[in-house]
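Novice: Below are the structure tokens for one structure; questions will follow.
The values are calculated or read from the model by the stated rules, or taken from the named source; none is laboratory data. Bear in mind that the values here come from a model prediction, so they are computed numbers and not experimental data. Surface accessibility is based on the protein's heavy atoms, side chains included, excluding ligands, DNA and RNA. Shrake-Rupley method; radii C 1.70, N 1.55, O 1.52, S 1.80 Å.
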Amino acid sequence: MKNIVILTGAGISAESGLRTFRAEDGLWEDHPVEEVATPEGFARDPGLVQRFYDERRSGVMAAQPNPAHEALGRLDREFAGELLIVTQNIDDLHERGGANRVLHMHGEALSVWCTACDTRHRWEGTLLDGPPCPSCGQVSMRPDIVWFGEMPYRMNEIFHALSRADLFVSIGTSGAVYPAAGFVQHARENGAHCLELNLEESLGSRMFHETRLGKASELVPAWVGEVLG
Ligand code: APR
């Protein structure tokens, strides 16, 4: 095996205390997507959206990586082949768990984007109070998050990696949202072995050669041990 692409979703950060989206206690239960995760919602009520992501940002900073993140950090350090961790997550737990080859296709909670001068800045504070952009001084920063209806980041790079992968591993995602939900089909059509590690069957489970059900903090370290073993 010389080329691994990993896709992660909210399930890999669940045991770090960060809420997933579609569980019964999921984020979308008390924050309708249309209101907090669309450009229209932001235009309609920017304060509601800024407050929602201010909460996500502080939650991310308070969370700690779990054994699953740390196992992928070990894989990044020790695996001699090509590796790309494509994450749908906006937390930085992969990085704090020791992984470097991470691609945030839905943006990052700790990044903000100035729509006036098109610069991005690492941000640990809040946006609700309307801070000026460090570059242009205008009050025009929004969360650097890919909302529904917007194009995920670096898709060409992702599909290039998927077409070269000999192993595709999906961890902690429900397979409910495209384009990420379609990655397994692309990888499979290009000859990759497809493995799913998830708490429960996902919408895409039938597309995988193998599905292992359980907690990421247990399944991921065991799998990394097999790969490096
Ligand atoms: N270990 C492994 N898997 C888990 C765990 C765990 N401890 N806890 C939950 N899961 C699984 C759930 O079974 C579910 O299949 O993680 C998945 C989480 O699914 P979602 O809540 O839909 O999150 P995700 O798949 O990341 O959503 C994708 O949708 O709303 C958008 O932009 C948002 O990035 C998000 C995208």
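Novice: Could you please put Glu189, Glu157 in sequence from largest to smallest accessible area, using a 1.4 Å probe?
Specialist: From most accessible down to least: Glu189, Glu157.
Novice: Which sequence of Arg188, Arg212 reflects their accessible areas, 1.4 Å probe, from the largest down?
Specialist: Arg188, Arg212
Novice: Counting only DSSP beta bridges with both residues in the chain, what percent are antiparallel, rounded to the nearest 5?
Specialist: Counting DSSP beta bridges with both partners in the chain, the antiparallel share is about 25 percent.
Novice: Right, another one. How much length would be gained if the chain were fully extended between Asn3 and Tyr178, taking 0.36 nm per residue of separation minus their Cα-Cα distance, in nm to one decimal?
Specialist: 60.7 nm
Novice: Could you report segment 120-196's accessible area per residue, 1.4 Å probe, as an integer in Å²?
Specialist: With the other protein chains kept in place, segment 120-196 gives 48 Å² per residue.
Novice: For segment 1-152, what ratio Rg/Rh do Cα atoms give with a Kirkwood hydrodynamic radius?
Specialist: Rg/Rh for segment 1-152 comes to 0.99.
Novice: What does the accessible area of Glu200 come to, in Å² to the nearest 10, when a probe of 1.4 Å is used?
Specialist: 120 Å²
Novice: Could I ask something else about it? Roughly to the nearest percent, how much of the accessible area of the chain is carbon and sulfur, given a 1.4 Å probe?
Specialist: The value for the chain is 51 percent carbon and sulfur by accessible area.
Novice: Sticking with this structure for a sec: Pull out the extension gain between Asp118 and Leu228, defined as 0.36 nm times the separation in residues minus the alpha carbon to alpha carbon distance; nm, one decimal.
Specialist: Difference between extended and current length: 35.5 nm.
Novice: Then there is this: Is segment 52-128 best put as rounded, prolate or oblate by its Cα gyration tensor, with a ≥ b ≥ c the root eigenvalues, rounded for a/c under 1.5, and otherwise prolate when a/b is larger than b/c, oblate when not?
Specialist: Oblate shape, in that a/c is at least 1.5 and b/c is the bigger or equal ratio.
Novice: Multiply the residue gap between Val139 and Gln64 by 0.36 nm, knock off their C-alpha separation, and tell me the result in nm, one decimal place.
Specialist: Working it through step by step, the gained length comes to 23.9 nm.
Novice: Against the longest alpha carbon principal axis of the chain, how many degrees, from 0 to 90 and to the nearest 10, is the axis of helix 46-62 turned?
Specialist: 50 degrees
Novice: Tilt of helix 67-78 relative to the longest C-alpha principal axis of the chain, in degrees (0 to 90, nearest 10)?
Specialist: Helix 67-78 and the main axis of the chain meet at about 70 degrees.
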